[in-house]
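Notes follow once the structure below has been shown.
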Amino acid sequence: MNEQSKNQRDAIDINDFVFAATGTRMRRLTTPDGEHWFPAADVAGRLGYSNTRDALRLHVDRSLQKSLSEIAQGVDTADASRKLAAHKLQRSMKMVNLRGLIQLVNGCTKPECAPFKNWVAEVIETIQRDGSYSLEPSPAQTPATGAPAYVMPQQVADAIVRLEQRNLEADEMLAAFAGERNDLLRQISGSLKDIAESLRRRHDDHPAPAPKLTPQELLATWKAKNLVVTEDVHAVAAYLAPALLNGGAHYRMAEIANRTGLPHERVHDCLRMLLKRGCMRQAGCAPDGAPVYVLP
């Protein structure tokens, strides 16, 4: 079992053919006999079906769909297993062959599928009228196998051009957005550094008065007001209390977690609880990025 960017057994490029039908480059497995298989969830999701199982039941003949484990029978080698893992494919996945994929496309109502469906209709009409349908040989393709190669149908080629243009425009929009986001992040970072420096200078110019309470007295005051309600919150509060009484605590969440033995998520919840209950407030960030907590 292998995947090929351009299978020499195909008369026309299978990747471009599927791209024109679905609007995206699909994951694909090709068996040694040259049959192509596609993850049904990928196809159905791209075509706008809300439920893959219903899409297969309503639009795809059962003979055109298999589980990946069925397809892998007979070629279950270490190399095949590595390729399945590399493409993030699981053996329980439902797969459809090319005919099944086309049936899903024909059942799709998205306007992007219209050019491909029109071409399929033209093929059927031509066969009904003339008894056959043929493509022009492609002089640019000379497969090593000697099998003939053919020019992509015009309707399919036009659809590919439109889809590629749309993808290029989307990439340009994403690149512009990423540039604006990076500029904004740099501005925010500079502002935070200025705030932290201002807070540091203010702290240096106006040192906090000597604490009037001990950490134990501070915790007892909070507990008397029912501000610390669980053991986890009490553990975080006990760790912060000495620094709070000495002008401010600026610890990273990882440091608090290491000292208290609590998970990061629980430390985050405890800090939010202390802030919400008015036990302390955040006063910016330290130069190293750690949040600064002070008494209200």
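The values are calculated or read from the model by the stated rules, or taken from the named source; none is laboratory data. Keep in mind the model is a prediction, meaning the values are calculated, not measured. Glycine gets a Cβ as well: all are built from the backbone with ideal geometry, and neighbour counts include every protein chain shown.
Search segment 22-49 for residues being under 13 Å from Gly107 (Cβ atoms) and among the hydroxyl-bearing types (Ser, Thr, Tyr), and hand back the single one that is modelled with the highest pLDDT. Checking each candidate, the answer is Tyr49. When segment 101-136 is examined, which residues are found to be part of a loop (DSSP other than H, G, I, E, B) and touching a residue at least 24 places away in the same chain (Cβ under 8 Å)? The answer is Cys108, Thr109, Lys110, Leu135.
Filtering segment 25-41 to residues that are surrounded by 16 or more Cβ atoms within 10 Å (Cβ to Cβ) and in contact with a Lys or Arg (Cβ under 6 Å, 6 or more places away or on another chain) leaves His36, Phe38, Pro39, Ala40. For Trp222, the conditions (1) surrounded by 13 or more Cβ atoms within 10 Å (Cβ to Cβ); (2) modelled with pLDDT under 80; (3) not acidic (Asp, Glu) all hold with the exception of (2). Which of the residues belonging to segment 53-75 are crowded, with 18+ Cβ neighbours inside 10 Å and either in contact (Cβ under 8 Å) with a residue 40 or more places away in the chain or outside the structural domain of Lys117 (by TED's automatic domain parsing) (or both)? Those that are crowded, with 18+ Cβ neighbours inside 10 Å and either in contact (Cβ under 8 Å) with a residue 40 or more places away in the chain or outside the structural domain of Lys117 (by TED's automatic domain parsing) (or both): Ala55, Leu56, His59, Val60, Ile71, Ala72.
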